[in-house]
Amino acid sequence: MSEFLRPDSRLGQRIDSTPLHRFRRFTLGLTASGAWLIGSSSAGAQVPAVGGCTTDTLTIGFPAKWMGTTIGQINVRSRRVDLLNATVTRLAQAVHQSTRPNVVLNEMSFAPGQLVDSVEVLESVRRLRLTNLVSEVILEGVQCEAGRTDFTIWTRDAWSLRTGFRFADAGTSRIAVSETNLFGTGKTVGVSADQINDRRSISVILADPYLFDTRMSGAATLRNYPDGRTWYWNIHTRELSPRDRWRGTIAAIQSRRFDDDPVAHTHTDITRRDAAVTVNSLLGITPTMAWALVAGLEHDYANIFVIRPGRRLSKTTVRRDLAAPLIGVSLQSNRFGSINWLVPNQTPTEVLIGIQGEVVVGIGHDAVSGRQMTHLDSWIGGTAMPSSNSMVTGDVWTSGYYSADSISGGNIRLSLAMYQKAWMGMWIVRVTGERLYNPDPDVFALSTVDAALRVLAPKSRVAERAVNVQLERSWRLISYQGRWTFDGAVTASYSARDRSIDEVSLTPTNPQALVVGIGFRHIRNQAAQAPLRLDIGRAVWRTKGLPDRWIIGLSTVAWINSSRTRDGVRDVSR
């Protein structure tokens, strides 16, 4: 065994490259998803250790012997990434640098000298799981003397190089590459390129979850277009537990685009600067729910002038200069369920259930119109488990500006997903819909709602209403030690848009398509980590004017309880 020891005034940090069979000696513990590892032995959790010490691992019942003891040393022992087989694993380990101990320790909200707090310990393991940097986590406690517990955090790295693409046979394409654990630091660097006929954009993403080794996280995206660029960035506090007394976020967007084409009779002049500072202050907490007051300030400035031939859903000119205080409420569930059917023979994985959400309202003075203006930004979501073999999630997003009995930049988006265990696989049903109200002329909505129509009708991405229904049945092809499965799938999706303005015909259209296909999925035993998907499909029915073409894509999609937050604080690195 080779070991690396980094001295620290507070924590003893260790990394070793112990083989997998050494790792398996733990019969009980936690996976990175918060799942409880339950061995076949009913004695399980307590293991005699050398020198009269006793060893416990975190199980379904929090070890009673840990409660009330003082935390001693905290060690980190990390296993390198482990993939399909020995050859692929060796190649992956040659290019993947192991996660540094301080990254793991940054997610721990307990430290030497403190009394063991079961809530802090459990939340720390859950946060480590949500980073997606590790594929397995086991927390081990050793007691060699009365009143003191030394902890060892055993982890295995997850593969952190992500790729994605989507293309059709008519010039519509997207390719993206990102490294989500750069040099083992947890930082993200990514590049993506999009082309929709003659429109191109290149994006660069940077994210650091541990700014200057503090509780702050930061992310930024620069998107370049032929006629300008857009910056998105945010800095926010990392969530430590539902008992956090406060949280804060600073988010901003700056956009400048200019283009004039007298031949095509088009003119684009867009300047946008939006910024918001919010602070969440805990109001109360129960065993099932925590709620907080949200307060802050925002400034929204928009000077947009877009001229294009034909009819439009939005105004040609939008001018807005709103400075307003923000007030709202945030709800966070403290309830958890478990499922064990994502991967064959997996141990149960923890899933957050219950109601969550955040509703924020800004009321201020619009300097352009001289009138009072109200800005709403909200998200409410819920997760339920009708049975041990099924799960349902539902979400509603609403946003927009209200002034003088009119709505501008309005949006309502709905999402419903159902997951059901099936023989040798699972059923998945997703329903999404969106309704726009007088959108800004630079808004391209619905891009994540119906990917099929985005490829089939790339020149009509904005519509007044849209709906997408997806049905999927997967079958397991290969599984590995209860950790992941490689599935085949048959898919069908129906997409429809109402009053979509086609930039070629310059008239409203109502495109619809029914797309069927096959796909492959790499699914892990962690409910927080979205599967990698390869999809190949073709429209078997479509409205007149839509092309007959193949659609191929490699991507990830929203998974169980992922990407759920209001639009104003969405992580721009995702």
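Tell me, what ³J(HN,Hα) does each residue in the range 343-358 have, in order and in whole Hz, if you take phi through Karplus 6.51 cos²θ - 1.76 cosθ + 1.60 with θ = phi - 60° and put x for Gly and Pro?
10, x, 6, 6, 7, x, 10, 7, 9, 6, 10, x, 9, 9, x, 8
So for the pair Ala295, Leu211, with labels modelled 7 Å out along Cα→Cβ, what separation do we get in nm?
2.2 nm
Based on the mean of other Cβ atoms within 10 Å per residue, sort peptides 223-235, 519-531 so the most packed one is first.
On the way: 223-235: 16.9, 519-531: 22.0.
Packing order, densest peptide first, comes out as 519-531, 223-235.
Give me the extension gain from Val490 to Glu179: residue separation times 0.36 nm, minus the current Cα-Cα distance, reported in nm with one decimal. Don't skip to the answer; put the middle values down first.
Working: separation 311, 0.36 × 311 = 111.96 nm, distance 2.99 nm.
Gain on stretching Val490 to Glu179: 109.0 nm.
Working out 0.36 nm times the residue gap between Arg371 and Ala146, then minus their Cα-Cα distance, what length gain in nm do you get to one decimal? Intermediate values should be presented prior to the final figure.
Numbers: separation 225, 0.36 × 225 = 81.00 nm, distance 6.84 nm.
The Arg371-Ala146 span can extend by a further 74.2 nm.
Using amide H atoms built in the peptide plane, which far-off residues or other-chain residues are under 5 Å from Thr131 H to H?
When sequence neighbours closer than 5 places are left aside, there are no close amide H contacts.
Provide Rg and Dmax in Å for the range 161-569, with only Cα atoms included in the calculation.
Here Rg and the maximum Cα pair distance are 22.0, 65 Å.
Please compute the alpha carbon radius of gyration of the range 207-325, then divide it by the globular-protein estimate 2.2 N^0.38 Å. Two decimals is fine.
Numbers: Rg = 19.6 Å, N = 119, 2.2 N^0.38 = 13.5 Å.
That works out to 1.45 for the range 207-325.
Quick check on the exposure proxy: order Ile518, Ile363 from fewest to most C-beta atoms within 10 angstrom. Working shown, then result.
Details: Ile518 12, Ile363 15.
Lowest count first: Ile518, Ile363.
Tell me the net charge near Glu298. Cut-off is 11 Å between Cβ atoms, Glu298 excluded, with +1 for each Lys or Arg and -1 for each Asp or Glu.
Numbers: positive: none; negative: Asp274, Asp300, Asp377.
Net charge in that neighbourhood comes out at -3.
Taking 10 °C and 1.306 mPa s as the conditions, I'd like the Stokes-Einstein D for the range 314-367 in µm²/s, using the Kirkwood hydrodynamic radius from alpha carbon pairs.
101 µm²/s
Could you list Glu123, Glu179 so that the one with the fewest beta carbons within 10 Å of its beta carbon is first and the one with the most is last?
On the way: Glu123 23, Glu179 16.
Ranked by crowding around the Cβ, least crowded first: Glu179, Glu123.
Rule-based calculations on the coordinates, nothing more; no lab input. Just so we're clear, the structure is a prediction, and the values are computed from it rather than from any experiment. As a convention, Cβ positions derive from the backbone with ideal geometry for all residues, glycine included, and neighbour counts pool all protein chains shown.
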